[in-house]
Amino acid sequence: MDDFRADLHCHSTCSDGSDEPEELLHLAKKAYLKGLSITDHDTMAAYSPKLFALADELGIQLITGVEVSSELEGLPVHILGYGLDLNAASFLTKIQDLRIERNRAILKKLSEKKMPIDEKELNFPVVGRPHIASLMVKKGYVSSISEAFSKFLKDGASCYAKGFKYQPNEVIDFIHAAKGKAVLAHPHFYKRSFLNRLIKFSFDGIECYYGNLLKAQEAPILQVAKEKGWLATGGSDYHGKTRNISLGSSWVNFEIFTALTS
Ligand code: AMP
Ligand code: ZN
Ligand code: FE
Ligand code: FE
């Protein structure tokens, strides 16, 4: 098992990734990965029987995963869930409904600024702001995705709408009720004082290895994992070829991978 590597964080077309779930498995194979979890935003729609069958065929161990949106003190907090029972995760439907409401509020603000987008044009299982940004480019309202975010869609910008989000402790409870493990995603995004508040919650793990994160940035997070006795997880957060991160750029070994489903 020395050569076992599993990427535990990536997105498919079921949320804002640009590769189909099946393509992710083929890419994983090319990257010599032996394990994978597809962690779409607020949905596990990727996990069809067909996907598990293809994983078997390719010799890749697939564990269920999801990246759930939550909020603490008005700031977004992403929580990864692993090994959830697909039949026991109805909380995701509720979160998806809240997302639809949030997206409608964004579209309303855009339309008030003479940048109309019909809800029907956002034809994805789970719609994220990147989908809206990309339509704004397509319609010529802005010249790039980054302009769409910086002028209109980023947190606090004129066409941003937050919508209702659950607190981290609520999301952790939902994940545990679905027999999954809860992991704090990309903790290096947060200021230390905020991170110190987040690590008071009952996570099972923390994402120590991420994308192209430098060793020096991993170290303080590994220290948290050690102090808390949490699983030190990792993954690329691959979203597709358009971004500068490849699948398998961060990974975990067999021991961590199996601990997530035990
Ligand atoms: P949502 O979950 O719909 O609120 O969208 C969040 C996603 O939007 C994140 O996962 C990022 O991929 C993307 N995003 C957030 N802020 C920015 C930004 N300033 N520039 C580009 N992409 C962003
Ligand atoms: Zn995303
Ligand atoms: Fe995230
Ligand atoms: Fe992600």
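Label zone (S193, point 7 Å along Cα-to-C-beta; backbone nitrogen cut-off 20 Å) within region 41-75: 71-75. Computed from backbone phi, the HN-Hα couplings of region 108-123 come to 4, 5, 5, 5, 5, 9, 6, 10, x, 9, 7, 3, 5, 6, 9, 9 Hz, rounded to whole numbers (Karplus: 6.51 cos²θ - 1.76 cosθ + 1.60, θ = phi - 60°; Gly and Pro given as x).
Solvent exposure of the chain amounts to 48 Å² per residue of accessible area, where only protein heavy atoms count and the probe is 1.4 Å.
Seen through its C-alpha gyration tensor, with square-root eigenvalues sorted a ≥ b ≥ c, region 131-206 comes out prolate because a/c lies at 1.5 or above while a/b is bigger than b/c. Considering only alpha-carbon pairs that sit under 8 angstrom and 6 or more positions apart, the relative contact order computed for the chain is 24 percent.
Taking 0.36 nm per residue of separation and subtracting the current Cα-Cα distance, fully stretching the chain between V137 and H176 would add 10.1 nm.
Once both labels are positioned 7 Å from their Cα atoms along Cα-to-Cβ, the gap between L222 and D2 label points is 2.0 nm.
Using mean Cβ contacts within 10 Å as the protection proxy, how do 78-89, 231-242 order, highest first?
Values: 78-89: 19.6, 231-242: 21.7.
Ranked from most to least packed, the peptides come out as 231-242, 78-89.
For the pair E255 and N212, label points projected 7 Å from Cα toward Cβ lie 3.0 nm apart.
Sequence-distant contacts, meaning Cα pairs under 8 Å at least 6 residues apart, place the relative contact order of region 16-146 at 20 percent. For the pair F164 and S111, a Förster radius of 30 Å applied to the C-beta separation gives a FRET efficiency near 0.90, rounded to the nearest 0.05. Converting phi to 3J(HN,Hα) with the Karplus coefficients 6.51, -1.76 and 1.60 and the offset θ = phi - 60°, region 220-231 yields x, 6, 4, 4, 4, 4, 5, 4, 8, x, 8, 5 Hz in sequence order, with x at every glycine or proline.
Per DSSP H run of at least 4 residues, take -39500 (n - 2.57); add these up for the chain, divide by its residues and hand me the 222 nm value, nearest 500 deg cm²/dmol. Numbers along the way, then the final one.
Values: 9 runs with 93 residues, N = 262.
Calculated from helices alone, the mean residue ellipticity at 222 nm is -10500 deg cm²/dmol.
In sequence order, region 83-92 has phi-based couplings of x, 5, 6, 4, 8, 10, 10, 5, 4, 5 Hz under the Karplus curve 6.51 cos²θ - 1.76 cosθ + 1.60, θ = phi - 60°, and Gly or Pro positions carry x. Around the amide H of V77, modelled in the peptide plane, lie the amide H atoms of S70, E71, L72, all under 5 Å away and 5 or more residues distant in sequence or on another chain. Here the chain is described by how far its Cα atoms reach on the three principal axes: 56, 43, 37 Å, from widest to narrowest.
The values are calculated or read from the model by the stated rules, or taken from the named source; none is laboratory data. The model shown is predicted, which means the values in this text are computed figures rather than measured ones. When we count neighbours, we look across all protein chains shown, and the Cβ atoms used for this are built from the backbone with ideal geometry, even at glycine. What goes into the accessible areas is simple: the full protein's heavy atoms, side chains included, and nothing from ligands, DNA or RNA. Shrake-Rupley method; radii C 1.70, N 1.55, O 1.52, S 1.80 Å.
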